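Rule-based calculations on the coordinates, nothing more; no lab input. Quick caveat: nothing in here was measured; it's all calculated off a predicted structure. Cβ: placed from backbone, ideal geometry, glycine included. Neighbour counts: every protein chain shown.
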């Protein structure tokens, strides 16, 4: 996907990429060690997809990593939405509200 975005000039050369993991609890761990483990796995694999993944190794090493929970994401969206103008940013408000409502209906959502 990154290659396609770059080719179509949707991203500028110095774009900052963040890979955000979202789950029922925050991910913890040594991101660099996990990335190195994945790179080694891809290098030892004969699958074509592993070779394609290695083509993005530089991007993966330059990417920032973070983690949050679904509940925290909903809370963030509610706070963010409260700062939007209900008239001029109506589409954004409705999209966030709908996204949050669909998330809250999922079985993996733990009540706050």
Simple SL model, points at 7 angstrom along Cα→Cβ for residue 63 and residue 108; separation in nm is 1.7 nm
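Which value at 222 nm does the chain reach when only helices count, each DSSP H run of 4 or more adding -39,500 (n - 2.57), with the total divided by all residues and rounded to the nearest 500 deg cm²/dmol?
Values: 6 runs with 61 residues, N = 112.
Dividing the helical sum by the residues of the chain leaves -16000 deg cm²/dmol.
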Inter-part gap, Cα centre of region 46-67 to Cα centre of region 17-43, in whole angstrom, is 11 Å
Restricting to Cα pairs under 8 Å and 6 or more apart, the percent relative contact order of region 18-104 works out to 37 percent
